[in-house]
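> What follows is a structure written as structure tokens; I'll ask about it next.
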Amino acid sequence: MKEQNSERVQKAIEAAKKAHEGQLRKTGEPYIVHPLAVKKILEEWGMDEDTIIAGILHDTVEDTKLTLEDIKKEFGESVAFLVDGVTKLSTARNGMRDIDTYLPATKDNFLRLMIALGDDIRVLIIKLADRLHNLRTLSALPPDKQKKIAKETLEVFAPLADRLNMGRLRVELADLSFKYVDPRRFEELKSLIDKYNKSAEKSLKKIEEEVSMALKKEKIHFEISGRVKSVYSLHKKLAKHNQNMGEIYDLTALRVIVDDITDCYLTLGVIHSLYTPMGGRIKDYIAKPKQNGYQSLHTTVITKDKRIVEFQMRTHEMHEYAERGLAASFYYNEQKLTENYKKGKIEHLPTNLLWITELQTTAARLREGKRVDLKKLKLNLFADKIFVYTPKGDIIDLPKGALPLDFAYRLHSEIGDHVVGVKINGKMSNLNKKLEQGDIVEILTSKNQTPKSSWLEKIFTSQARSKLLRTLRIGYKSSSIEPKKKRKSRH
Ligand code: MN
């Protein structure tokens, strides 16, 4: 990549060089190599200048004489804000350290990430870039530290990259870490993948040619390429399928990138006219994107020489977003930056990334010293989400396992507090019924209803729980007299 540093960026490099003067990395290189590598990663992700500058300076406050005040004076408030966030989040090189300011007792990494996220989502992006470079150079650390950092990356950072739909990053983080966490298994699976790819190479070339010819005939513009499955995702998939290689259908995949959505479906048609589609293996993530916003059309086919191949069709935009995720949306939205957005309080996030807003709210609560149920929080953050609808068609996203009361409290505390029943997809149902993807949920309320402590058992999300607890604690005014139970709900 050609270096074209602005004056501000150049100034930041000079400041970092001066600050880190004489410091060495564990690799033996001058320390400045690390912040400059982080800078380069952030540039590749297409991040804005403030983020890049903060990336260059991210270790200075922690490790050098440079202060936040200095940074604020030289580079402005926004950069200082970001550097502060990264500093609080962790010491980057040796894993994480507690953020004493907020929660001295916790060793919970999710929590620390959230606090940082609450400040500015770009803090996390800098942190991810930092972590990526540290992993790339992990071999310089002693084995016990290698394992610790790698494990933490697999548990925290790779899933986060996934939730941000930063596909390329997720793969690199996961594979780099897995190599340290379980070196033998890594090598075993890697050679398995290599062997398989080698044996499939010739027939894949042929399939590629056949598809290309057919697509040209249909006058569809396309790019086609093979995608290699990552070692870690194969490892996880094998674990899910009892180590049965026969059930892994996407070891070989071909990716077709086209101009628009219509062409995605046309391409699907072309492929199905060439090969036999496997039943139940068509996944339309265009009509129904994954929770992290990932979009693509997948199908698995059996070719003429009995090979099982997965095809993935997507537009250029979808591809860009699948690879770079949140970073891509920063990049594309830069024109319409608002002040809020600049501060990381993003307003034009795709609906599927709204969980970030949720995260920021929780972080704010934590900073105010309010209690948060960590177990529930983790669950909510990383469990799969479902999308359900109000009768008017508003989309509400909830974690898998959510119950009608979670839905009601999500709409409004007032609604939650007065629930007498629920209709799911037009039919009377009950408060113990788990909501499913796509359900239309109608909450029935009555002014006479009051919240019950027994409802706590019919609640799944921490948000709904805390809303209910709050009402129960302050007591419900009208509940000083036990209301007549004339509209006791039948479910
Ligand atoms: Mn660092």
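> Tally the residues that are at pLDDT 90 or above and either assigned to a loop (DSSP other than H, G, I, E, B) or surrounded by 13 or more Cβ atoms within 10 Å (Cβ to Cβ) (or both), restricting the search to region 414-440.
So the count comes out to 18.
Here is a yes/no grid of residues against (1) modelled with pLDDT under 90; (2) away from the ligand (no atom under 14 Å from the Cβ):
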| residue | (1), (2) |
| --- | --- |
| Lys26 | yes, no |
| Asp48 | yes, yes |
| Gly76 | no, yes |
| Arg122 | yes, yes |
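> If you don't mind, another one. Which residues, taken from region 410-432, are in contact (Cβ under 8 Å) with a residue 40 or more places away in the chain and either of a type in the set (D, E, K, R) or within 30 Å of Ala287 (Cβ to Cβ) (or both)?
Arg410, Asp417, Val422, Met428, Ser429
> Here's a follow-up. Let me confirm something: among Val181, Val156, which residue is aliphatic (A, V, I, L, M), in contact with a Lys or Arg (Cβ under 6 Å, 6 or more places away or on another chain) and without any contact (Cβ under 8 Å) to a residue 60 or more places away in the chain? Show your work before the answer.
Working: Val156 fails: in contact with a Lys or Arg (Cβ under 6 Å, 6 or more places away or on another chain).
Val181 is the lone residue from the list that is aliphatic (A, V, I, L, M), in contact with a Lys or Arg (Cβ under 6 Å, 6 or more places away or on another chain) and without any contact (Cβ under 8 Å) to a residue 60 or more places away in the chain.
> Tally up the residues in region 28-37 that are within 21 Å of Gln146 (Cα to Cα) and either near the ligand (Cβ under 10 Å from one of its atoms) or within 30 Å of the chain's Cα centre (by Cα) (or both), please. Walk me through it before giving the result.
Applying the first criterion (within 21 Å of Gln146 (Cα to Cα)) to region 28-37 yields 28-31, 33-35, 37.
Now drop any that are not either near the ligand (Cβ under 10 Å from one of its atoms) or within 30 Å of the chain's Cα centre (by Cα) (or both), which leaves 31, 33-35, 37.
Number of matching residues: 5.
> So, one more: Say we look at region 206-237 and pick out the residues that are open to solvent by 30 Å² or more (accessible area, probe 1.4 Å) and among the hydrophobic types (A, V, I, L, M, F, W, C); which of these is nearest to the chain's Cα centre (by Cα)? If you could, list the steps in order and put the result at the bottom.
Taking region 206-237 as the starting set, the residues that turn out to be open to solvent by 30 Å² or more (accessible area, probe 1.4 Å) are 206, 208-210, 213, 216-219, 221-228, 232-233, 235-237.
Narrowing further to those that are among the hydrophobic types (A, V, I, L, M, F, W, C): 213, 222, 224, 228.
Values: Met213: 37, Phe222: 28, Ile224: 27, Val228: 21 Å.
Filtering region 206-237 for residues that are open to solvent by 30 Å² or more (accessible area, probe 1.4 Å) and among the hydrophobic types (A, V, I, L, M, F, W, C), the one nearest to the chain's Cα centre (by Cα) comes out as Val228.
The values are calculated or read from the model by the stated rules, or taken from the named source; none is laboratory data. What you are looking at is a predicted structure, and each value in this text was computed from that prediction instead of being measured. Neighbour counts are summed over all protein chains in view; Cβ atoms, including those assigned to glycine, are modelled from backbone coordinates with ideal geometry. Each accessible area value is taken on the protein alone, full model and side chains, heavy atoms only, with ligands, DNA and RNA left out. Shrake-Rupley method; radii C 1.70, N 1.55, O 1.52, S 1.80 Å.
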